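Scroll down for the structure; my scribbles are underneath it.
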Amino acid sequence: MMTEFPWIAKYPHGVPAEINPDVYPHIPAILDKIADERPSCPCFTNMGTTLTAQQTKSLAEDLAGYLQSLPGMQKGDRVAIMMPNLLQYTVALFAVLKAGFIVVNVNPLYTARELEHQLKDADVKAIIIIENFAKTLERVIDRTPVEHVITTAVGDLFPSFKRLLINSVIKYVKKMVPEWHLPHAVSFRDALAKGHAHGFKPVELKNTDVALLQYTGGTTGVAKGAMLTHRNVLANVEQTGHWISSTFKKYEEVAMCALPLYHIFSFTATLCFLNWGARSVLITNPRDIKGLVKECQKWRFSIYTGVNTLYNALLNVPEFKNVDFSHLKMAVAGGTQIQKIVAEKWKSTTGGGILEAYGLTETSPGVCGNLPDAPWDGSVGYPLPSTDVTIRGEGFKDLGRCDDLSKVADYTGEICVKGPQVMAGYWNRPDETAGVFRDGWLRTGDVGFMDADGKITITDRKKDMILVSGFNVYPNEVEGVIASMPGVLECGVVGVPHERSGETVKAVIVRKDPSITKEDVVKYCRTQLTGYKIPKQIVFVDALPKTAVGKILRRELKDIQ
């Protein structure tokens, strides 16, 4: 074992080579265990209000009871959750899973077109949505299979006076809730009351049951749901939990949760923190960086999760240096590579390094991680316990480990993964599933090499994919939207480097109507695409570079000015 997998010798003290992915029978069992061991454990805090483990469990079972009472709902049906980081998200998550349904995480900033696609593709029967974005749902609900709607306001789980004040300010003063009309929609608080009266009936769950449909473009750019089972996610909770075990103490840690819970990185990380009985401080609006810094000043937090852009933004707020970092044990980054300058500035500001990790939606998400406090070296570290990684070249040949970095090109190929965290497949897409697996290995589409010790370095990413602040943007989708714009003949989309977001979207367009402006394109895209997908660079040309068979040469688009 040690000869075949030399990286095991590099594991932090006490981290086993193999983990047991069957410690828990299902994801809600993590919460149940904490509630049994320490009911008063403060698990989730949002805007100064905290839910204990027992409160979270009780509320989740009330909501689960309501979901079970809905006509036509059966075990395995899909329930969408569309909201930012709120206490209601945690309650909804455990409620959906406890009731035997499958969670479909939805980005609340989705446009109507994006939302419609996901609800239809997942055949969603019910949705729990923050009312700020209910107008978006109203526009498409008649074209989706959604039968039941539960709406919530930001302060719905706050004490009564605070709830009334915050909800009123958001709706009537800040006017952040557009008028909406969804017949038969039920409020979150009414659903809790009705569910409490109805009662919750425990459902038999197996850890091989699908827990999440986590949408991703995978390696092809076609939006599809990765089927993550309870066992997949729980395995990753165990794998990452052992990675931090040398520094964490049960029931004593505080985690700052600024990344959205609908993103798989934050989702699994937060379950890992819950497993330690840690308090997760949920940040509803991480774009308000000054507000985020003020929240950081309130806590002696021990762990921070983020992406390069978030860390960079924090470091550029002068007040951040006044935060108390004396309890900070670990900062973890994923989604996109941490820039060296950001890693160095974080180290000098906080006294601790950033642990860079690698994963993808299809692996729940963790695959590799650097060692705690390891200096930045541009790598993504070593495979997690019970995770096998191989580098494959032409003909799926195993390229092995690179002993001589001067010959790294000979050892660079596609990163392939095996492990209990690897997804069951893509929802209703057997051909797509077959296309990413070979001989039991998940082909990530990412390119890199493994050094003699087993450390992985990524040299390229999924073909054509653009990574904006840790979020995947697929050129095919953006091209399709721009191409549908009247007056556009054709277009090509590519990612270009950006100092803050890592990459940004660039569109090269051939106009049919010469009067079209860059502003016209952006305005049109705003009706169809989430903000991070909208091109920040737009260039008009007479013709696009293409291959002999008419395929756009995306790499050449990068150089067009």
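The values are calculated or read from the model by the stated rules, or taken from the named source; none is laboratory data. Note that this is a predicted model, so its numbers are computed, not measured. All Cβ positions, even for glycine, are placed from backbone atoms using ideal geometry, and neighbour counts span all protein chains on display. For the accessible areas, the whole protein counts, side chains as well, though only heavy atoms, and no ligand, DNA or RNA atoms are used. Shrake-Rupley method; radii C 1.70, N 1.55, O 1.52, S 1.80 Å.
Going by the conditions given, is residue 19 under 22 Å from residue 384 (Cβ atoms), open to solvent by less than 10 Å² (accessible area, probe 1.4 Å) and either without any contact (Cβ under 8 Å) to a residue 40 or more places away in the chain or not small (Gly, Ala, Ser) (or both)?
For residue 19, the condition - under 22 Å from residue 384 (Cβ atoms), open to solvent by less than 10 Å² (accessible area, probe 1.4 Å) and either without any contact (Cβ under 8 Å) to a residue 40 or more places away in the chain or not small (Gly, Ala, Ser) (or both) - is not met.
Among the residues of the stretch 278-303, those identified as within 19 Å of residue 501 (Cβ to Cβ) and not basic (Lys, Arg) are 283, 285, 286, 288, 289, 292. Filtering the stretch 185-206 to residues that are under 23 Å from residue 235 (Cα atoms) and either among the basic types (Lys, Arg) or in contact with a Phe, Trp or Tyr (Cβ under 7 Å, 6 or more places away or on another chain) (or both) leaves only 206. Taken residue by residue, the stretch 194-207 has at least one member that is over 30 Å from residue 467 (Cβ atoms) and open to solvent by less than 20 Å² (accessible area, probe 1.4 Å). Would you confirm whether any residue within the stretch 253-267 is over 17 Å from the mean Cα position of the chain (by Cα) and in contact (Cβ under 8 Å) with a residue 24 or more places away in the chain? The answer is yes, given that some residue of the stretch 253-267 is over 17 Å from the mean Cα position of the chain (by Cα) and in contact (Cβ under 8 Å) with a residue 24 or more places away in the chain. Return yes when residue 383 is within 26 Å of residue 234 (Cβ to Cβ), open to solvent by less than 40 Å² (accessible area, probe 1.4 Å) and over 19 Å from the mean Cα position of the chain (by Cα) and no when it is not. Answer is yes for this residue. Looking across the stretch 411-436 at every residue that is in contact (Cβ under 8 Å) with a residue 40 or more places away in the chain, within 21 Å of residue 239 (Cα to Cα) and touching a helix residue (DSSP H, G or I) at 6+ places or on another chain (Cβ under 9 Å), the one that is surrounded by the most Cβ atoms within 10 Å (Cβ to Cβ) is identified as 421. Does the stretch 75-82 include one or more residues that are in a helix (DSSP H, G or I) and open to solvent by 40 Å² or more (accessible area, probe 1.4 Å)? The answer is no; no qualifying residue exists.
Could you look through the stretch 466-479, keep only residues that are within 20 Å of residue 360 (Cβ to Cβ) and open to solvent by 20 Å² or more (accessible area, probe 1.4 Å), and pick out the one that is modelled with the highest pLDDT?
Ranking the qualifying residues of the stretch 466-479, first place goes to 469.
Residue 146 falls short of the stated requirement of being in contact (Cβ under 8 Å) with a residue 24 or more places away in the chain, touching a strand residue (DSSP E or B) at 6+ places or on another chain (Cβ under 7 Å), β-branched (Val, Ile, Thr) and not in a loop (DSSP other than H, G, I, E, B). Listed here are the helices (runs of 4 or more DSSP H) enclosed by the stretch 233-338 that have at least 2 residues being open to solvent by 20 Å² or more (accessible area, probe 1.4 Å) and at pLDDT below 95: 308-315. Among the residues making up the stretch 480-498, those that are within 16 Å of residue 558 (Cβ to Cβ) and surrounded by fewer than 21 Cβ atoms within 10 Å (Cβ to Cβ) are 496, 497, 498.
Residue count for the stretch 437-456 satisfying the condition of being more than 20 Å from the chain's Cα centre (by Cα), open to solvent by less than 10 Å² (accessible area, probe 1.4 Å) and among the β-branched types (Val, Ile, Thr): 1. Check 110, 89 and return the single one that is of a type in the set (Phe, Trp, Tyr) and crowded, with 24+ Cβ neighbours inside 10 Å. Matching residue, one of 110, 89: 89.
Put simply, of 131, 116 the only residue that is surrounded by 22 or more Cβ atoms within 10 Å (Cβ to Cβ) and acidic (Asp, Glu) is 131.
I need the full set of residues from the stretch 334-357 which are under 21 Å from residue 294 (Cα atoms) and touching a Leu at 6+ places or on another chain (Cβ under 9 Å), in order please. Correct list: 342, 345, 346, 349, 350, 351, 352.
When the residues of the stretch 390-409 are filtered to those that are surrounded by 13 or more Cβ atoms within 10 Å (Cβ to Cβ) and of a type outside the set (A, V, I, L, M, F, W, C), the one that is nearest to the chain's Cα centre (by Cα) is 390. Evaluated against (1) part of a loop (DSSP other than H, G, I, E, B); (2) open to solvent by less than 70 Å² (accessible area, probe 1.4 Å); (3) within 20 Å of residue 469 (Cβ to Cβ), residue 504 falls short on exactly one condition, (1).
For residue 463, indicate whether it is closer than 19 Å to residue 555 by Cβ and open to solvent by 20 Å² or more (accessible area, probe 1.4 Å). Yes; evaluated as a whole, the condition is true for this residue.
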